[in-house]
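Peer 1: First, the structure itself, so that you have it in front of you.
We did not get these values from a lab; they are worked out from the coordinates using the rules stated. Since we're looking at a predicted model, the values are computed, not measured. Here the Cβ is made from the backbone with ideal geometry for all residues, glycine too, and neighbour counts use every protein chain on show.
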Amino acid sequence: MFPLLVILFLVVPIVELYVIVQVAGGIGVLETIGLLIVVSIVGAWLVKHQGMSVLRQIQQRIRQGQMPTAQLVDGGLILFAGALMLTPGFVTDAVGVLLLLPPTRIMARGALMRAFRGRVGVVTGTSRFGGPGFVVETRGTEVDPVDLVRDDSPDDPPPALP
């Protein structure tokens with residue numbers, strides 16, 4: 001894992017600089033800077049739009065008493081895409097945009113879920129708030145997502161303190 005990260009931190013900036021210089025040579029420096037700014041603005045809008053959509057899906061699944069596994073992975077991919085979109089460069093922006101598009105995000109999600117299958121288990125039960133709960137177990141640690149993500153809308157009374 002470590003050599004891969006070193007290669008990425010060395011190769012990606014060099015590739016980005018090469019592509020930026022090539023684009024600037026083709027269309028001009030100011031146009032290249034403007035294009036990078038426009039792509040970042042459009043990317044930020046896409047991140048917000050897709051992120052809010054996934055957040056609504058997560059809340060809906062939790063209200064139905066289901067574990068929002070696919071939606072949580074989508075949220076992580078959107079967060080990663082947002083980080084890529086904030087990084088100046090055309091290559092990282094292209095990868096970020098691809099992760100923001102639902103069809104390509106579904107493919108990436110499938111690959112990630114296959115990679116982690118068998119490493120994470122989910123046990124359903126009742127949360128300490130009285131509703132359905134989920135415990136995610138991975139390598140001896142436990143996290144109760146109901147404790148982390150709650151819908152405290154005005155329609156619901158606040159949970160009783162333990």
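Peer 1: What is the percent of Cα-Cα separations in the range 1-84 that go past 18 Å? Walk me through the numbers on the way to the answer.
Peer 2: Values: 2187 of 3486 pairs.
Of all Cα-Cα pairs in the range 1-84, 63 percent lie more than 18 Å apart.
Peer 1: Where does the charge balance sit around Leu112 when Lys and Arg score +1, Asp and Glu -1, over other residues with C-beta under 11 Å from its C-beta?
Peer 2: Cβ neighbours under 11 Å give a net charge of +3.
Peer 1: Still on this structure, please answer the following. How charged is the neighbourhood of Gly96? Take every other residue with its Cβ under 14 Å from the Cβ of Gly96, and add Lys/Arg as +1 and Asp/Glu as -1.
Peer 2: Around Gly96, the surrounding residues sum to 0.
Peer 1: In whole Å, largest first, what are the principal axis extents of the Cα atoms in the range 38-101?
Peer 2: The Cα atoms of the range 38-101 stretch 41, 16, 14 Å along the principal axes, largest first.
Peer 1: Ranked from highest to lowest mean number of other Cβ atoms within 10 Å per residue, what is the order of the peptides 10-22, 45-57, 77-89?
Peer 2: On the way: 10-22: 13.2, 45-57: 15.8, 77-89: 18.6.
With the highest mean Cβ count within 10 Å placed first, the list reads 77-89, 45-57, 10-22.
Peer 1: What is the extension gain from Glu31 to Phe9, computed as 0.36 nm multiplied by their sequence separation minus the C-alpha to C-alpha distance, in nm to one decimal?
Peer 2: Here the answer is 5.2 nm.
Peer 1: Please compute the modelled spin-label separation between Gln64 and Phe116, points set 7 Å along Cα→Cβ, answer in nm with one decimal.
Peer 2: Reported label-point gap for Phe116 and Gln64 is 2.0 nm.
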